[in-house]
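Colleague: Okay, here's the structure, questions in a sec.
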There are 2 protein chains.
Amino acid sequence: MTTARDVAEKLGVSTSTVGRALADDPRISESTRARVVKAAREMGYVANHAARLIRGAASDTVAVVVPDISNGFYATIAHALSGVFLRHGLQMMLGESADDPGVELRHVRAMAASRVAGALIVPTARPTAETVRLLATFPHVQMLRRAAGLSEVWFGIDDEHAVQQATQHLVDLGHRRIAFIGGSADLSTGAARIRGYQRALAAADLDQDPDLIRLGAPASGDLGPTALRVLLGAADPPTSVVCGSVQVTRSLLEEIRRLAISVPSGLGVVGFGDEPGWSWWGPGLSTVSLPTEQLAVSSALWLINHISQGLSTTDVRPYSSTAAGTLVVRGSATDAAARPVGSMAPAVGARIAKESASA
Amino acid sequence: MTTARDVAEKLGVSTSTVGRALADDPRISESTRARVVKAAREMGYVANHAARLIRGAASDTVAVVVPDISNGFYATIAHALSGVFLRHGLQMMLGESADDPGVELRHVRAMAASRVAGALIVPTARPTAETVRLLATFPHVQMLRRAAGLSEVWFGIDDEHAVQQATQHLVDLGHRRIAFIGGSADLSTGAARIRGYQRALAAADLDQDPDLIRLGAPASGDLGPTALRVLLGAADPPTSVVCGSVQVTRSLLEEIRRLAISVPSGLGVVGFGDEPGWSWWGPGLSTVSLPTEQLAVSSALWLINHISQGLSTTDVRPYSSTAAGTLVVRGSATDAAARPVGSMAPAVGARIAKESASA
DNA sequence: CTGAAAGCGCTAACAC
DNA sequence: GTGTTAGCGCTTTCAG
C-alpha cells in the first residue's frame with residue numbers, strides 16, 4: 001500500500017507537505033498541491049484510516065446490532081439507518097446477535113476495539129455484565145427492546161398499546177376466548193405486549209385463561225406453529241389469536257396455511273407488524289402496522305447529534321421515544337358471533353392429532 | 001480510553017509486559033500475568049484495534065456492498081454472510097449502493113481507507129473508474145452481477161437458465177404471447193435473463209415481439225406496475241408475463257392485486273426468486289427459486305480462504321461459480337388454451353384507461 | 001510556503 | 001522474565 005511517505009519521496013518533499021496538500025491546507029502553494037495530488041492519484045494513495053484514528057481523529061463508523069437481518073422488520077431498520085449514515089458520511093458495522101448474549105458480547109467487543117463513534121443496538125434479553133461495561137464506554141442507543149444497565153436512551157414503539165389495540169379489536173368483534181402468542185416475558189417488549197393483551201381483556205371483564213398465553217424464544221420460527229397446535233388441540237380452543245411479534249406472525253401465517261385452517265371463519269387472527277405480502281395472506285391480515293423507519297431514523301439522528309456534539313458518555317440525559325402502531329383492519333378477524341364458538345377448532349384439532357399420529 | 005501504558009504505569013511495569021501478558025506470551029510469569037489481567041479488567045482496558053492495524057496486523061473486517069438491504073433477497077445474503085463471518089471471527093461493514101455508482105464509490109473508498117481484509121460486492125451496472133482502481137487493491141468477490149474491471153472471481157446464479165425455465169413453463173402451458181419485465185440490459189444479470197427469455201421463445205419458434213420486453217432500473221419499485229399497465233393497455237396484450245428480478249416480481253404482485261386482475265385466468269405470471277409470502281399470493285406464485293444462501297456462503301468461504309492464505313491481490317485465479325435456480329410450480333400460470341387469448345386483458349385495459357382519466 | 005520532529009497505541013526485535 | 005527501543009502512517013506543533 002502506498003503511504004504518504006512514498007508520495008513525498010517520489011516528489012522530493014516532506015510527508016507533512018503531502019499531508020497538507022491533500023488536506024487542502026491553504027498554506028500550500030497551488031503548484032505543489034497540484035503536483036502532490038497528481039502523484040497521489042497516480043500512485044493510488046489512500047490515506048490510512050487506522051493511522052488517523054490512532055492520532056485522535058473522530059471515528060466515522062457506527063455499529064448496529066440486531067437479532068436477525070433476514071427478518072424483514074430488522075432489514076427495514078438497517079436500510080433506514082444506512083440511508084441516514086450515508087447522508088452523514090458514516091459507515092455501518094452490522095452485527096447479528098441471534099438473540100444470543102454471547103454473540104452480542106463478541107460484537108460489542110469488536111465495536112469497542114474498533115473505537116466506533118457510537119452504536120445502535122436491539123439488545124438481547126440479558127446482556128452479559130461485560131457487554132454492559134463495554135457499552136458504557138461509548139455513546140449508544142437502545143432500539144425497541146430495553147435492557148437493564150444499557151443506555152438510558154431508548155427509541156421504541158408503544159408495545160403495550162399495540163397489542164392492546166389488537167386484542168381490543170377482537171373483543172369488539174365479540175371474541176371471548178382470545179389467545180396470545182408472543183416472545184418471552186424476559187424481553188421488555190415481550191412483557192409490555194403481554195400487558196397490552198391482559199389490559200384489553202381486563203377492560204372487557206373477560207376471563208383470563210393462562211393456558212391461552214403461549215410464550216417462547218422470540219427468534220424461534222417454531223413458536224407460532226407449536227403454540228397454534230397446542231391451542232387448537234385443547235379442550236376449549238380459542239376463537240381467535242393475537243400475535244406478539246413479527247416472527248410469530250410470520251410463522252403462524254405459514255402454519256395456518258399449511259393446516260388449511262379457514263380464517264376468519266375458523267379462527268380470527270390479528271398480526272404484529274405489517275410485512276410485504278401480509279395484505280394478501282388469505283382474506284388479508286388484520287394487524288398492527290409499526291412505524292419502523294421513523295424509529296430507525298430518529299435513533300440514528302439522536303446518536304449522530306450526540307456524537308457531533310462531542311459530549312462525554314456520562315452526561316447523557318435519559319431519553320425515551322415511543323412511537324405508536326396503527327391497527328390495520330383487513331379480513332383475518334370478523335364477528336365471532338356469526339358462528340358457534342369453537343365450531344371450527346375441534347375439526348382442526350382432530351386433523352392435528354391425526355397428523356401427529358402418522359408422523 | 002485506557003491504554004496499555006495506563007495499565008503499565010499503574011502496575012509499575014513496562015507496556016511490553018502488559019502487551020505480552022494480555023497476549024498470553026509464555027515468557028511472562030504467572031503472577032505478573034494475573035496482576036496485569038486483573039488491572040486491565042478493572043481499568044476497562046480494550047486493545048485499540050487501529051493501533052494494531054497500523055502495526056501490520058491483519059484486518060478482521062470484511063466489507064459487503066449490496067443494492068438494497070430492505071430487499072429480502074439481499075437481506076438473506078447478508079444474513080448468510082454474517083453467519084460465516086461470525087464463525088471466522090470477522091466483522092461485517094455493510095453498505096447499500098442503491099444501484100448508484102457514486103454511492104458505491106463512496107463505500108469502496110471507505111473500505112480502502114479502512115484497509116478491510118476483503119470485500120463482497122454486488123456491483124452496479126457501471127462502477128466508476130476509481131471504484132475499479134480501488135477494488136483492485138484488495139481481494140474481493142463479485143456476487144450475482146458481474147461488472148467489467150472488477151475481480152475475476154464471481155459467484156452467481158444461472159440467470160439465463162432461470163428465466164429460460166420460467167418462460168419455457170409458460171410455453172409448455174400453451175402461451176404464445178409472453179411478456180418479460182426485467183432489469184436493464186446494462187446489468188450482466190439483466191442481459192442474461194433477457195437471453196433466457198429469448199432462447200425459450202426461439203426454441204418454440206414463437207414470434208418475438210419487442211414490445212413485450214419491458215426493461216428499467218432494477219431497484220425501481222415502479223418498473224413492474226408501469227410495464228404492466230403498458231402491456232395490458234396495448235392492442236394485443238400478452239396472456240402471461242415472466243418477471244426478470246425479485247424487485248419486479250414484488251411490485252408486480254402488488255399491482256396485479258391492486259388492479260384486481262385475476263390470475264391465472266386473466267394473466268399467467270411466473271416470478272423470479274421466492275420470497276416469504278409469495279406462495280400464498282393469489283393462487284400461489286409459480287416462480288424460480290434461487291439458491292441464495294449457498295451463493296452467499298460460497299462467496300464468503302472463497303474470500304476467507306483467500307485472505308487466510310495471504311495471497312497477493314494479483315495472483316488470483318479467475319473463478320466463476322454458477323448455481324442453478326429451480327422452477328416451483330404453483331398456481332399463477334395455467335393452460336393458456338383454456339380461454340380465448342387476451343380474453344381478460346381488454347377489460348383490464350379499459351379499467352386502467354378509466355383510472356388514468358380520473359386521476 | 002515548507003521541513004523536522006514528536007507522538008498517537010501498539011508489538012516485536014533486541015538487550016539484559 | 002522483563003525493560004528499552006524503534007517504528008507502523010499520520011497530523012500537528014514548532015522552526016525556519
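The values are calculated or read from the model by the stated rules, or taken from the named source; none is laboratory data. A quick note: this is a predicted structure, and the numbers were derived from the prediction, not measured. In this analysis, Cβ positions are derived from the backbone assuming ideal geometry, glycine residues included, and neighbour counts consider all displayed protein chains.
Colleague: For the stretch B:254-300, what are the residues that are more than 11 Å from chain A (Cβ to nearest Cβ), touching a helix residue (DSSP H, G or I) at 6+ places or on another chain (Cβ under 8 Å), in a helix (DSSP H, G or I) and under 21 Å from B:GLY325 (Cβ atoms)?
Modeller: Passing the criteria: B:LEU295, B:VAL297, B:SER299, B:ALA300.
Colleague: Related question: Step by step: first the residues of the stretch B:1-14, then only those that are in contact (Cβ under 8 Å) with a residue 12 or more places away in the chain and not basic (Lys, Arg), then the one that is nearest to the other protein chains (Cβ to nearest Cβ). Which residue is that?
Modeller: B:MET1
Colleague: Could you check, for the stretch A:157-174, whether at least one of its residues is more than 30 Å from A:LEU232 (Cα to Cα) and in contact (Cβ under 8 Å) with a residue 12 or more places away in the chain?
Modeller: Within the stretch A:157-174 (the criterion being more than 30 Å from A:LEU232 (Cα to Cα) and in contact (Cβ under 8 Å) with a residue 12 or more places away in the chain), the answer is yes, since at least one residue qualifies.
Colleague: Which of the following residues is among the β-branched types (Val, Ile, Thr), more than 20 Å from the chain's Cα centre (by Cα) and part of a helix (DSSP H, G or I): B:VAL241, B:VAL163, B:VAL230?
Modeller: B:VAL230 is the lone residue from the list that is among the β-branched types (Val, Ile, Thr), more than 20 Å from the chain's Cα centre (by Cα) and part of a helix (DSSP H, G or I).
Colleague: How many residues, within the stretch B:280-301, are crowded, with 19+ Cβ neighbours inside 10 Å and touching a residue at least 12 places away in the same chain (Cβ under 8 Å)?
Modeller: Selection size over the stretch B:280-301: 11.
Colleague: Of the residues that sit in the stretch B:310-346 and are over 30 Å from B:VAL132 (Cβ atoms) and β-branched (Val, Ile, Thr), which one is modelled with the lowest pLDDT?
Modeller: Of everything passing the filter in the stretch B:310-346, B:VAL341 is modelled with the lowest pLDDT.
Colleague: Continuing with this model, one more query. What do you reckon, is B:GLY277 closer than 18 Å to B:ASP68 by Cα and either touching a Lys or Arg at 6+ places or on another chain (Cβ under 6 Å) or free of Cβ contacts under 8 Å to residues at least 40 places away in the same chain (or both)?
Modeller: Judged against the criteria, B:GLY277 is not a match.
Colleague: Further question: Being within 20 Å of B:GLU96 (Cα to Cα) and in a helix (DSSP H, G or I): is that true of B:LEU170 here?
Modeller: no
Colleague: Search the stretch B:139-169 for residues being touching a strand residue (DSSP E or B) at 6+ places or on another chain (Cβ under 9 Å) and of a type in the set (D, E, K, R), and hand back the single one that is farthest from B:VAL242 (Cα to Cα).
Modeller: B:GLU152
Colleague: Looking at B:ALA98, B:ALA39, B:ALA58, B:ALA117, which is the one that is away from DNA strand C (no atom under 16 Å from the Cβ), more than 9 Å from chain A (Cβ to nearest Cβ) and surrounded by fewer than 22 Cβ atoms within 10 Å (Cβ to Cβ)?
Modeller: B:ALA117
Colleague: Something else about it: Have a look at B:ALA75, B:ALA47 and point out the one that is modelled with pLDDT of 95 or more, assigned to a loop (DSSP other than H, G, I, E, B) and either more than 16 Å from DNA strand C (Cβ to nearest atom) or within 8 Å of another protein chain (Cβ to nearest Cβ) (or both).
Modeller: From the options B:ALA75, B:ALA47, the qualifying one is B:ALA47.
Colleague: A further question on this structure: Going through A:TRP280, A:TRP302 one at a time, which residue ends up being more than 22 Å from the chain's Cα centre (by Cα) and not β-branched (Val, Ile, Thr)?
Modeller: A:TRP280
Colleague: Please pick out the residue among B:ARG52, B:ARG41, B:ARG5 that is assigned to a helix (DSSP H, G or I), near DNA strand D (Cβ under 9 Å from one of its atoms), of a type outside the set (Gly, Ala, Ser) and under 47 Å from the mean Cα position of the chain (by Cα).
Modeller: Matching residue, one of B:ARG52, B:ARG41, B:ARG5: B:ARG52.
Colleague: Within the stretch B:11-32, which residues are more than 12 Å from DNA strand C (Cβ to nearest atom), surrounded by fewer than 17 Cβ atoms within 10 Å (Cβ to Cβ) and part of a helix (DSSP H, G or I)?
Modeller: Selection gives B:GLU30, B:SER31, B:THR32.
Colleague: Checking A:ARG115 against (1) touching a residue at least 24 places away in the same chain (Cβ under 8 Å); (2) at negative phi, only one condition comes out false. Which one?
Modeller: In the conditions (1) touching a residue at least 24 places away in the same chain (Cβ under 8 Å); (2) at negative phi, A:ARG115 misses (2) alone.
Colleague: Next question. Before we move on, is B:TYR74 under 33 Å from the mean Cα position of the chain (by Cα) and more than 10 Å from DNA strand D (Cβ to nearest atom)?
Modeller: Yes.
Colleague: Another question, then. Restricting attention to the stretch A:16-36, does a residue exist that is more than 8 Å from DNA strand D (Cβ to nearest atom), touching a helix residue (DSSP H, G or I) at 6+ places or on another chain (Cβ under 7 Å) and touching a residue at least 24 places away in the same chain (Cβ under 8 Å)?
Modeller: Checking the stretch A:16-36: at least one residue is more than 8 Å from DNA strand D (Cβ to nearest atom), touching a helix residue (DSSP H, G or I) at 6+ places or on another chain (Cβ under 7 Å) and touching a residue at least 24 places away in the same chain (Cβ under 8 Å).
Results for (1) part of a helix (DSSP H, G or I); (2) without any contact (Cβ under 8 Å) to a residue 40 or more places away in the chain; (3) closer than 23 Å to A:VAL116 by Cα, shown as yes or no for each residue.
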{"residue": "B:GLY89", "(1), (2), (3)": "no, yes, yes"}
{"residue": "B:LEU94", "(1), (2), (3)": "no, yes, yes"}
{"residue": "B:GLY102", "(1), (2), (3)": "yes, yes, no"}
{"residue": "B:HIS107", "(1), (2), (3)": "yes, no, yes"}
{"residue": "B:THR124", "(1), (2), (3)": "no, no, no"}
{"residue": "B:VAL132", "(1), (2), (3)": "yes, yes, no"}
{"residue": "B:VAL141", "(1), (2), (3)": "no, no, no"}
{"residue": "B:ARG145", "(1), (2), (3)": "no, no, no"}
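Colleague: Here is a follow-up. Residues B:SER82, B:SER70: which one is facing chain A (nearest Cβ under 7 Å) and surrounded by fewer than 22 Cβ atoms within 10 Å (Cβ to Cβ)?
Modeller: Just a single option satisfies the conditions, and that option is B:SER70.
Colleague: Here's another thing I want to ask about it. Can you spot a residue in the stretch B:141-150 that is in contact with a His (Cβ under 8 Å, 6 or more places away or on another chain) and surrounded by fewer than 22 Cβ atoms within 10 Å (Cβ to Cβ)?
Modeller: Within the stretch B:141-150, one or more residues are in contact with a His (Cβ under 8 Å, 6 or more places away or on another chain) and surrounded by fewer than 22 Cβ atoms within 10 Å (Cβ to Cβ).
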